[in-house]
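All remarks here apply to the structure that follows.
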Amino acid sequence: MSITKPTPSRAGPNAVEVMYGSPVYSQVMQFLNKEARLLDHRELRAWSSMLATDLVYTAPVRSTRRVEGFHEEFGSIGHFDDDYNSIMSRIDRLVGTASAWSEDPPSRTRRFVTNVTVHETETPDEYAISSYLLLTRNRADAKDYKQLSAERLDRLRWTGGRFLLFRREILVDQVVLGMPNLAVFL
Amino acid sequence: MLVEGRDKFQKDPVANLIDLENREVSVAALHDRDLYELEMEKIFAKGWLMLGHDSEIPNVGDYVVRLMGEDQVIVARHSDNTVHVSLNVCPHRAMHICISDSGNARAHKCIYHGWAFRPDGSFIGAPIEKEQMHGTIKPKSELGLKKARCQVYGGLIFATWGGEEAMTLEEWMGDMKFYYDMLFKRTDRGLEVLGPPQRLTIDANWKTAGEQSACDGFHTLTLHQSLLDRGAMVGEAGTEHEKAPAMYGVNLSANGHSLRCIPADTSWSLMAKNPQKDLTDEQRLELMPPPGITKELLPQVKKNLTPEQLHVFAKAPPVVGGMFPNVNMLFIFSPFPDGTLGSALVLHTINPKGPDHFEWVTFFFGEKDASPEYKDMMRQAAAQGTGTSGVIEQDDSDTWPHMSESSRGVIGRTETLKYQAILGENRPADWPNKAKVYAGFSKDDCQWEWWVQYHKMMTA
Ligand code: FES
Ligand SMILES: [Fe+2]
C-alpha cells in the first residue's frame, strides 16, 4: 500500500518531445510492444519484470460532463488503484491459483498500441509517454468482442540498461465499461 | 412459452415461477421480458431505491443523474439545501433535461426548446415569456418535472415513485434500520463518497446479483477460493475449508433486506492472526475497531449508537449484505499484500437494463472525520478488492452472465434456483430482538427472504 502522491503522469507543457526514430523513441516502442505481446500471451510473470517496485498504476473513473467541465471528467476513484505489491498479488492470483474464475477460461486479448508520443522529463533517464490502446477481449464462445479504448500516460525509467514502468495512468474512453470486470491489465 | 402473456401476469404474476412451499424459483424468472416490465412497475416504481449520497452534491445547485429502474432522475440540491429527486424527462416533449452525469445549475434549461426548471423540479418558464409558449391550458405549477418522494438517511439518498401513501423509508427498512444505523449513522458527521462511482455493464438479469446480495455467504468458499487459497480471506490453503470459520456468524433479514455479521474474534484471528478471547465489548472495540472505524472515531461511535447496538457492533459487526431490491454492500476488513490490514466501505447498486443486462454501480465510502491518509488507504483497498478490477468481485461478475444464458434455453429455464439449505431462525441469548436472526453457518435463509419480498411486491 502506497499512500504517497504519485508522480503526475502527463508530460509538462514545456517538456521536450523525443524525436520519432531516435534511439530512445525506438526503445520506448520496443518496450510497449513487448508489454502488449507478453500480456496478450498471458506471460504475466515476464510482464511483471518490466515493472519498477515504486510503480503506481491507476485508471480513474470518468463521467460525462458538459464542455466547460470536460477537463474534470476524471474522478478520484479508480477502476484500478494499485501499486507494485498489489499488481504482483493480482498476478499471483491469476497464475498461481487454480480458481481465478474471472480469467479461467482466459480471455483472448489483443492490445493495439499506437500514437506513441515521448517527452523528456526533469529527471534524466525518465520519460513521459502517451500512447493509445485498443483492447479487444474475447472469451469462451462469444462471437463478438468486448472492447476498450484508452489513452495511457506512462513514465518509464532507464535503469541498468533497460526501461522499467513506474507510473501508468489509464484514461479509459467509456464512462460505463462494456466489459464486466477488468481482470486483465491495460 | 412458460409464461403466458401479460394479462395472466397481471392477475398472478409469479405463481408459475416461485414455489413457496419448496423454496424454488424458476430459472425462467431470469429471462422473461413481460415479467421484467412488471418488475419495473411493481418493484422499481414502487419501492425505495438508493440513488447516491448527499456528499456527492454538497453545494446548492449540485446535481447527479441516477437511475430508478430504467428511468433517469436528477438528484439535486435546492436553494434551501434540501435534496430533490425529479424525473429527467422534459414535460414539454420528453427531451432529457440534464445531459451530463453531474454538475451545478441553479436552473436546468432544456436544450430543445428552453423550458427551464429549478433544482426542486419546479417549472420556471419557457423562453419569450410574453408569448406563453407553455400554453394557457395548464398552470405553471402543473408543468414541473415529475417528482419522486425523497428521503435522506445517514447521508444516503433514497427515492420512491410510491408517493405519499407509500410506506416511509423507516417502515421500508423495518427492523434492519437498527443494524444499518451501525454502518451509516455511527459517527457525528457520517460517511462521504471518496469520488464518483465506477460503472460497468454486466450481461445478466438484475436478480442474479440481487439475490446474491442477500447474504450468499456460501459462494465464498468456492467462487472466491483463489482468495482463500492465498490466505487473503479465510480458511486454510489446500483444504476444502472444512473449518471455514468465517462461514459462522449471524445473518439478519427483514423485508427482504439483509446483513451478515461476522464475530469480531473470528475476523481478528483470521485477518490479524492474533486470536483474542473473552474480551469485553469495550476491549474488543479498542483492540479491533470495526471496518472503517479508527480508534479516534470510537468516542463518536459510543455516543451515536445505543448500548444494544454497540454490543452487536463490538461482538459481531455487520460486514456484508444488501437492501432490497438492488443494493449490495460490503463493510469489510481487507488485508494488503504487504500485510497491513485495510478496510473498505462499498455500496453497489444493480440497475436493470432489460432482462439480460444490468449496470453495476460501485460507490466507495470513508468516514468524513477519518484522516486523508486513512481515506486514501480505504480507496485503494476498495478498488483492489471490489468493483471493476476487485479481486473479490471480478469472479462474481463472471458468474451472473452464465445464469442468464442458462435461462435462454427452453429447457434451461425449466430448471430452478433452490433455497433449501435452511438454518432456521435462532437468536443468541444476548442478541437484540430485531429482524429475523439466523446464527450459525451461513445458509439460504436470507436469500429466500429476498424472494419472499419479491413475491410480495410482485403480487401486491
Ligand atoms: S422538449 Fe424540453 S423544452 Fe421542448
Ligand atoms: Fe462474491
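The values are calculated or read from the model by the stated rules, or taken from the named source; none is laboratory data. This one's a predicted model, so the numbers in the text were calculated from it and none came from an experiment. Using ideal geometry, Cβ is built from the backbone for each residue, glycine included, and neighbour counts are taken over all protein chains shown. Areas reflect the complete protein model, heavy atoms only, side chains present, ligands, DNA and RNA absent. Shrake-Rupley method; radii C 1.70, N 1.55, O 1.52, S 1.80 Å.
Compute for chain A: radius of gyration divided by Kirkwood radius, i.e. Rg/Rh, restricted to C-alpha atoms, rounded to two decimals.
0.95
Could you work out the relative contact order of chain A? I mean the mean sequence separation of Cα pairs under 8 Å and 6+ apart, divided by the number of residues, in percent.
Here the relative contact order equals 25 percent.
For segment B:46-105 and segment A:33-57, what is the separation of their Cα centres, given in Å?
Each part's Cα centre sits 42 Å from the other's.
Any idea how far the Cα center of segment A:77-134 sits from the one of segment B:298-315, in Å?
One Cα centre to the other: 43 Å.
With all protein chains present, how much of the accessible area of segment A:66-133 (probe radius 1.4 Å) comes from carbon and sulfur, to the nearest whole percent?
In segment A:66-133, the share of accessible area belonging to carbon and sulfur is 51 percent.
Taking loop as defined by DSSP and a crowding limit of 13 other beta carbons within 10 Å, which chymotrypsin sites (Phe, Trp or Tyr not before Pro) in segment B:92-152 fit? Mind dumping the intermediate values first?
Working: sites: B:Tyr112, B:Trp115, B:Phe117, B:Phe123; in loops: B:Tyr112, B:Trp115.
Qualifying residues, ordered by number: B:Tyr112.
Enter the accessible area per residue of segment A:23-172 (Å², integer; probe 1.4 Å; all protein chains in place).
45 Å²
Just counting partner chain Cβ atoms within 10 Å, what average do the residues of peptide A:78-88 show around their Cβ?
Mean partner shielding for this stretch: 6.
When all protein chains stay in place, what accessible area (Å², nearest 10, 1.4 Å probe) is found for A:Met88?
50 Å²
Determine the sum of side-chain charges near B:His311: Lys and Arg each +1, Asp and Glu each -1, restricted to other residues whose C-beta is under 11 angstrom from that of B:His311. Could you put the intermediate results ahead of the total?
Numbers: positive: B:Arg284, B:Lys315; negative: B:Asp281, B:Glu282, B:Glu308, B:Asp430.
That sum, taken over residues with Cβ under 11 Å, equals -2.
For chain A, what does the helix formula give at 222 nm: sum of -39500 (n - 2.57) over DSSP H segments with n ≥ 4, over the residue count, nearest 500 deg cm²/dmol?
After summing the helix terms and dividing by the residues of chain A, the value is -6000 deg cm²/dmol.
Residues of segment B:75-106 with accessible area at least 20 Å² lower in the all-protein-chain context than alone (1.4 Å probe)?
Checking the loss per residue gives B:Ile99, B:Ser100, B:Asp101, B:Ser102.
Report in % the part of the accessible area of segment B:129-219 that belongs to carbon and sulfur, leaving out ligands and nucleic acids; probe 1.4 Å.
52 percent
State, as an integer percentage, the relative contact order of segment B:195-458 based on alpha-carbon contacts under 8 Å between residues 6 or more apart.
29 percent
Nearest 500 deg cm²/dmol is fine: what mean residue ellipticity at 222 nm does chain B get from its DSSP H runs of n ≥ 4 alone, each adding -39,500 (n - 2.57), divided by its residue count?
-7000 deg cm²/dmol
Could you tell me which residue out of B:Gly190, B:Val64, B:Leu287 lies farthest along the dipole of the protein assembly as shown toward its positive end? Charges go on the beta carbon: Lys and Arg +1, Asp and Glu -1, centred on the Cα centre.
After comparing all options, I get B:Val64.
As a test, work out the antiparallel percent of DSSP beta bridges whose residues both lie in the protein assembly as shown, rounded to the nearest 5.
Expressed as a percentage, antiparallel bridges in the protein assembly as shown total about 95.
Rank B:Gly121, B:Ala421, B:Ala166 by how far each Cα sits towards the positive end of the charge dipole of chain B (+1 on Lys, Arg Cβ; -1 on Asp, Glu Cβ) and give me just the farthest.
Looking along the dipole axis, the top candidate is B:Gly121.
Ignoring ligands, DNA and RNA, how much accessible area is buried between chains B and A, both sides summed, with a 1.4 Å probe, to the nearest 100 Å²? Mind showing how you got there, number by number?
Details: alone 19710 and 10540 Å², together 26620 Å².
Buried area between the two chains comes out at roughly 3600 Å².
What list of ³J(HN,Hα) values in whole Hz, one per residue of segment A:81-91 in order, does the Karplus curve 6.51 cos²θ - 1.76 cosθ + 1.60 (θ = phi - 60°) give from phi, with Gly and Pro shown as x?
8, 10, 10, 4, 4, 6, 5, 4, 5, 4, 5
Provide the per-residue ³J(HN,Hα) series for segment B:100-106, in order, calculated from phi with Karplus coefficients 6.51, -1.76, 1.60 and θ = phi - 60°, each as a whole number of Hz, with x at glycine and proline positions.
These are the phi-based 3J(HN,Hα) values: 10, 6, 7, x, 9, 8, 6 Hz.
Taking a ≥ b ≥ c as the square roots of the Cα gyration tensor eigenvalues, with a/c under 1.5 meaning rounded and otherwise prolate when a/b beats b/c, else oblate, which class fits segment B:49-166?
Verdict is prolate for segment B:49-166.
Distance from the Cα centre of segment B:343-396 to that of segment B:145-196, in angstrom?
19 Å
Which value, in debye to the nearest 20, gives the size of the charge dipole of the protein assembly as shown about its Cα centre, when Lys and Arg are +1 and Asp and Glu are -1 at the Cβ?
With only Lys, Arg, Asp and Glu charged at Cβ, the dipole is about 880 debye.
Report relative contact order for segment B:85-179 in percent, whole number only (criteria: Cα-Cα under 8 Å, sequence separation at least 6).
22 percent
In cubic angstrom, how much convex hull volume per residue do the alpha carbon atoms of the protein assembly as shown span? Show your work: numbers first, answer last.
Numbers: hull volume 114.7 nm³, N = 646.
Cα-based convex hull of the protein assembly as shown, divided per residue, equals 178 Å³.
Which of A:Met50, A:Ser102, A:Val113 sits farthest toward the positive end of the charge dipole of chain A, with +1 on the Cβ of Lys and Arg and -1 on the Cβ of Asp and Glu?
Result: A:Ser102, furthest along the dipole toward the positive end.
Quick one: dipole size for chain A, taken about the Cα centre, charges +1 on Lys/Arg Cβ and -1 on Asp/Glu Cβ, in debye to the nearest 20.
Values: 24 positive and 24 negative charges, 109 e Å.
Here the size comes out at about 520 debye.
Rounded to the nearest 20 Debye, what is the dipole magnitude of segment B:195-458 about its Cα centre when Lys and Arg each give +1 and Asp and Glu each give -1 at the C-beta?
The dipole of segment B:195-458 has a size of about 540 debye.
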